[in-house]
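Nothing in this text is a laboratory measurement; each read-out follows from the coordinates by a stated rule. Everything numeric here is computed off the predicted structure, so don't read it as measured data. Cβ coordinates were reconstructed from backbone atoms using ideal geometry, including for glycine residues, and neighbour counts include every protein chain displayed.
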Ligand code: URA
């Protein structure tokens, strides 16, 4: 899941199979671009997914892969499982074994799951500092009211982790349904939050993670490749 980083001059020497000292003049002459920008600094850090163009030749060690999947209820957010169908079983791609999941959903939760082989992208989307919003539709057993909205905004103390949950936005959409936006992803977080009101969650569906919104043409079990603009790659 961690992307390998190396110095730009070593990366070029390795991928072009030339001596390190042959790289310096190329950098000095402005013939090397990283992700579209001319770079002269031999020590510039690149990873296996950065697009390096050297004198017009594209050098890239690995092709980054990004997928959006509509996870059905009953499919497990794991890459291997002895009992259940996994999200990876639903992806049809020759390099799917290189993928990891960007934020898991419970077995009985449906909706948007992102998968990638680019550790920098998944970290940007899931790190607590990033505060990337995750949007859910939720249906509960008993009627909701404004007390819930206030409590979700104030946060709940989670004893296991010893933390108060970050302010969450709950918008009531009917007597027993709501839209919820969280900026973190603790274990069973939504169910535990409604559990404080002894109001069991009957259905939970994730519709968005940051800028990635579940495509409504994607039926449960379907996936599609994502085109991630480079400017957005490591900023969630
Ligand atoms: N919170 C939960 O309780 N379950 C999920 O699958 C996601 C968030």
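Listing for the model above:
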quantity: Theoretical ellipticity at 222 nm over the chain - DSSP helices of four or more residues, -39500 (n - 2.57) apiece, nearest 500; calculated: -4500 deg cm²/dmol
quantity: Cα-only radius of gyration and Dmax that characterise the range 5-60, units Å; calculated: 9.5, 24
quantity: Normalised contact order of the range 66-225, rounded percent, pairs of Cα under 8 Å and 6 or more residues apart; calculated: 31 percent
quantity: At R0 = 22 Å, FRET efficiency that the Cβ-Cβ distance of residue 171 and residue 218 yields, to 0.05; calculated: 0.40
quantity: Theoretical FRET efficiency, 1/(1+(r/R0)^6), r = Cβ-Cβ of residue 7 and residue 159, R0 41 Å, to 0.05; calculated: 0.35
quantity: Label zone at residue 80, where the point sits 7 Å out along the Cα-to-Cβ direction: the range 100-118 residues whose backbone N lies under 12 Å; calculated: none
quantity: Two-decimal Rg to Rh for the range 66-225 - Kirkwood Rh, Cα set; calculated: 0.97
quantity: Two-site FRET efficiency, residue 63 against residue 129, from Cβ-Cβ distance with R₀ of 25 Å, rounded to 0.05; calculated: 0.35
